[in-house]
Amino acid sequence: MSAGLMGRPTANGPAIVRLARAGRRSIGEYVPALVVLVGGFLLLEYGLAAVHIESFLLPRPTAVAAAIADNWSTGRFALVPSALATLEEAVIGLVVGTIAGVTVAFASARWGTARGFLLPIAIGANAIPIIAFAPLFNNWFGLLNPLAKALMAAVLVFFPVVANVTRGLVQVEPGALELMRSYAASEWTILRKVRIPNALPYFFTAMKIATTLSLIGAIVGEYFGGSSSVLGRIIVQSASALKFDVTWAAILFGAAIGIVFYAIVALAERLVIPWAAVLRGDG
Amino acid sequence: MTDPHSAPSGAVPVVRISGVDKTFTRGDSILTKALEAIDLDVNLGEFISFIGPSGCGKSTLLRIVGDLTSPTSGTVTVNGKTAERARRDRDYGMVFQAPVLFDWRTVEDNVKLPLEILGQDAATRTKRAREMLELVELGDFLKHHPYQLSGGMQQRVAIARALAFQPSILLMDEPFGALDEMTRERMNGEVLRIWQQTGTTILFVTHSIPEAVFLSSRVVVMSARPGRIAKVIDIDLPRPRNEDSRETRRYFELVTEVREVLRAGGGSLDDAATVDAGGSLERALAEGPIG
Amino acid sequence: MATVTATRGGRAASGVARPNASGRGRRTVLWVLLAVGIVAVWEGLKAVGGTPWRTPGSLPGPNNPVLWNPPFRWPLVNDLNLPHVWNIWLAFLDPWQRGADRNVAQFLFDAALFTWREAALGFVCGAGIGLILATIFVHSRWLERAFVPYVVASQTVPILAIGPMITYAFGGNVASVVIIATYLTFFPVTIAMIRGLRSLDPRALELTRSYAASPWDVYRKLRLPASLPYLFTALKIAATASIVGAIIGEGPGGIPNGLGRVLDTYNQYYITGPEKLWAAIIACGLLGVTFFLLVRLAEVLVLRGRPAAADG
C-alpha cells in the first residue's frame, strides 16, 4: 500500500456530491478535445464543400444529419427501430455472457485445479477470431432470430469476463490472506470480505470491454445475415447501395449506443467503487 | 542467575517453544534450514524482541508461533494450547511489515474487520473500533480511507486492528521497517504506551538494535544459517521508558552487548536491510506458480 | 526498502507464473486434454440425442446401416447443427468445390495465407501509426488532451461497423481490407504505447535530466525499452484484431481469395454440407492462434529475461 496523500476526502460523502466534485475538476481538461471536435466538424462541413469532393466516402456532416432525420423511424433504413433491435441483441448477450463468466470465475477462484484449466483457456480464447462462428450461429438459430446475434455477443463477452474476474478474485495481496488466516476465517468469509471487494475493479474493467464486444458481436453477426431492420444490415445494405450518408448515420447510432453503454459502466463504477477511482488517479 | 530462556519457577509461560526446527524443502531436496533447536519461554505481559541478520529465521519463528506455518519438529504451546488451537481461538493479533489495510474500507471499518469475523454485534464493534483508534490516537480519521493516510498512520491502524479483539498476545513482524527513523522512534513510544495500557504479551521481530533494546524486557539475539538463538539478553532498563532512556549509559551498554553478540554470530545487520528471507521464501513455496 | 527500478511498479500479485519448461509442457498437455474433452462431450451428446450414427462420410441408404441409434432426439445436436467430428475431419480432404483438384485443406490454407497477408500488412502499418501517435502524444500534452479522448471513445464504438463501408467504397480490393486491419491495430497500440512510454519512474527521468540528455536520447534509451512490454501486450491483442478485421472486411465485399469469402460461401452451402463451414471456422481459429503465437515468439525473443508488463 503506498504511503498516501494527507486528508483528501474526495472519496467521502454522499455519492451525488462525489460525482459533482469529480465533474467540476475535469471540465477544464476537455477544452483541447472540444477544439478538435468543433474544428473537425467545421473542416468536414466547409472544407469538403470547398474542394468539391463528392459524398463518396465522407459525406458532409449536414448530409449525415439529414439522413438521420429522414430515416429516423420510417423507411427502408429506419434507424431507431433497428438500433433498438441491435441493442436488444447486445444486451441479452451482455447479460448472459457476464453471468456465465462471473459464475465460471467464481468456480475458478474456488477450485485451484479448475482454475489451472479454465484461466488459460479464457486467455487463449483471445487469440481465436470468435467472430468466425457468426455464420454458424445464424444457421443454428435461423437468420431472423435475434438469439443468434445474442449468442455471438455472449461468447465474445464471456472470455474477458472470466479472465478478469478470476484474476481479481485470486490476485489478492498475499499479506491479506495471511491476515485472514490469523483470524481463522473460513474460505467463505475470505471470499466475501476480501476476494469480492478486491475483484470489483477488475469486474468493471471487464465490463467496459464487454459492452463494446457485445455491440460488435451483435452488429457483425448481422453482417452475415439477419432481418433488415437491424443496424448491421442497414450498414451493409446502404453501403452496397452506395448511400453512404445513411451508412454513416447508422454507424453514428452504433457509436452512440457504444458510448452510452460505456458511460453507464463508468458511472456505475464511480458509484460502487469510488475508492478505486481515486487510486487510479482520476477521482 | 536464572536461565534467561525460561520462565521464573512457578509461573506458566504464555508461550513455550521447545526444540523447534524448521527446514524448507522442495520435493526431496533440502533448500535451507531456517531454524534449529529453538527453546524459549515467554512470560505473561513480557515484551520480547527477536533480532538477527537476514536468514536467521526470526520471521519464520514468529510465523510458527502464530500458526501461519508449522515447525518441522518440536512443539509450540500458547496459553497451554497448540499454536493452531490458539489461532482458532483467536488468541493473537498480528501486525506485519506491510499494514495490509483494505482500500475499500474506511479506517474504522478496517479495524472492525476481525470483530465482524468474530461475529460481534454492530454496537460492540463500533465501540471497540473507536476505542482502539483513540488508543492509537487516530480518533479523527475514522472515515478516511487507508490511501489517504501516511505510512506511519497506516501502521497505527494496523495495530488498532490487531488489538481490536483484545488478544492476549500480539505478534509484530518488523512493523516499522518501512518507516523513517524519526517516525519509527515515535512509533516505538506509541507501542510502549499501548503495551503498558493493555498488558498484552508482545513478540516483536526487528532488525533495529536500538528499537529492540528500547522496547523489550528481553532481547533474543539469533544467528543465521541455521537459525539459532545465540543469546537471550535481559534488558534491565527502568520503566516507564521514554526518549531520555535512549541517552542513558545503560542503554548504550545494552545496545553494544546486542551488537557484539550479532557480530560474533557471523552475520551483519547490513543484510537485514532487505526483506527478511524466511517469510517470503516460505510464502513463495506455499503458493507455487499460477499457470 | 524496495530498490528503485526504472519502471513504476504495479501492485504485487501473489503467485505470478514463471515460464519454465515444465510450465510449458503442462500447458500443452492442458490444451491436448481440452481438445480431447471437447471431442468427448461433443460425441457424447450426439450419442445420447443425435441422428443415427452411420459409417463416416456417407449418406443414409440401404447400403449404409445404422451403427448406433441414440435414445433421444435433440435438434441441437443433430448432424446438421453438430456434425460428427470425423466428418469434419473428412471434409478437409474433400475437393473444395465440385470437380476441383485441390481439397478443402489446401484451399483453406491458401485462403488463410491470403487473409494473413492482408492482416499482417495492416498490423505493421497500424503498429507504426500507433507508435508515432503515442510518441507525439507523450511529448505534447495539448495534443494528447485534444485527440486521445477520441481515440479512447472510438474503442467504445463498434469499429467493425465501418468495415463494409470501406469495402464497398473502395470497391472490394485488398487495400480496403488492409485499411480495416490497420484501423483495428492502431487503437490498442496507441493506448498501450502511451502508457508504456510514460511508465518510467519519474526518478529515472530526473536522473537523465541531470545528465543533460536530449529528449531524443531519453526516448531512445529509456522510454522505448521501457515501453516494449506494453507494446507486446497490445500487439498480441492487435494480432487477433487484425485477423478479425481482415475476415470481416473480406466478407461483405466479396474479395474472392480470403477466408472471409470462404466463410460466406460455405455458409451458403450449409444445408448440403455443414462440415465445410466448420472446417472454415477451424481454419480461422488456427490462423488467429498462429499469428498470436508468432507475436508471442517475437515477444519472448525481444524481451528475453524481462518480467512481463502488467496486463493493460
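The values are calculated or read from the model by the stated rules, or taken from the named source; none is laboratory data. Being a predicted model, the structure only gives us computed values, none of them experimental. Here the Cβ positions follow ideal geometry from the backbone for every residue, glycine too, while neighbour counts run over all protein chains shown.
Okay, here's what the table says:
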read-out: Residue check for A:THR113: farther than 21 Å from C:ILE243 by Cβ, away from chain C (no Cβ under 12 Å) and surrounded by fewer than 24 Cβ atoms within 10 Å (Cβ to Cβ); value: no
read-out: Out of B:GLY279, B:GLY291, sole residue that is surrounded by 14 or more Cβ atoms within 10 Å (Cβ to Cβ), more than 25 Å from B:ALA37 (Cα to Cα), modelled with pLDDT under 85 and within 14 Å of chain C (Cβ to nearest Cβ); value: B:GLY291
read-out: Any helices (runs of 4 or more DSSP H) falling wholly within the range C:194-312 and containing at least 3 residues that are more than 11 Å from chain A (Cβ to nearest Cβ), surrounded by 17 or more Cβ atoms within 10 Å (Cβ to Cβ) and not acidic (Asp, Glu); value: C:224-253
read-out: Residue ranges of strands (runs of 3 or more DSSP E) in the range B:8-69 with at least 3 members within 21 Å of B:VAL258 (Cβ to Cβ); value: B:29-42, B:47-51
read-out: Failed item, numbered, when A:SER108 is tested on (1) under 23 Å from A:PHE261 (Cα atoms); (2) away from chain C (no Cβ under 12 Å); (3) in contact (Cβ under 8 Å) with a residue 40 or more places away in the chain; value: (1)
read-out: Residues of the range C:182-207 that turn out to be touching a Phe, Trp or Tyr at 6+ places or on another chain (Cβ under 9 Å), under 12 Å from C:ALA226 (Cβ atoms) and among the aliphatic types (A, V, I, L, M), as a count; value: 2
read-out: Residue in the range B:161-182 that is surrounded by fewer than 21 Cβ atoms within 10 Å (Cβ to Cβ), farther than 25 Å from B:GLY66 by Cα and facing another protein chain (nearest Cβ under 7 Å) present; value: no
read-out: Test result for B:ALA123, buried (at least 18 other Cβ atoms within 10 Å of the Cβ) and among the aliphatic types (A, V, I, L, M); value: no
read-out: Residue in the range C:123-144 that is modelled with the lowest pLDDT, counting only those that are surrounded by 18 or more Cβ atoms within 10 Å (Cβ to Cβ) and within 14 Å of another protein chain (Cβ to nearest Cβ); value: C:GLU144
read-out: Residue list for the range C:159-179, restricted to those being away from chain A (no Cβ under 12 Å) and either modelled with pLDDT of 80 or more or in contact with a Cys (Cβ under 8 Å, 6 or more places away or on another chain) (or both); value: C:VAL174, C:ALA175, C:VAL177, C:VAL178
read-out: Given (1) within 21 Å of the chain's Cα centre (by Cα); (2) among the basic types (Lys, Arg); (3) at pLDDT below 85, index of the condition A:LYS243 fails; value: (1)
read-out: Test result for C:GLY25, modelled with pLDDT of 75 or more, of a type in the set (Gly, Ala, Ser), surrounded by 10 or more Cβ atoms within 10 Å (Cβ to Cβ) and over 30 Å from the mean Cα position of the chain (by Cα); value: no
read-out: B:MET132 of a type outside the set (Gly, Ala, Ser), within 12 Å of chain A (Cβ to nearest Cβ), in contact with a helix residue (DSSP H, G or I) (Cβ under 8 Å, 6 or more places away or on another chain) and at negative phi; value: no
read-out: Selection count, the range B:80-108, where residues are more than 7 Å from chain A (Cβ to nearest Cβ), touching a residue at least 40 places away in the same chain (Cβ under 8 Å) and in a strand (DSSP E or B); value: 2
read-out: Qualifying residue in the range A:146-162 (condition: free of Cβ contacts under 8 Å to residues at least 60 places away in the same chain, more than 19 Å from C:PRO75 (Cβ to Cβ) and either within 12 Å of chain C (Cβ to nearest Cβ) or assigned to a helix (DSSP H, G or I) (or both)); value: yes
read-out: Filter result for the condition that a residue is at pLDDT 90 or above and out of contact with any Leu (no Cβ under 9 Å at 6 or more places or on another chain), over A:THR189, A:THR205; value: A:THR189
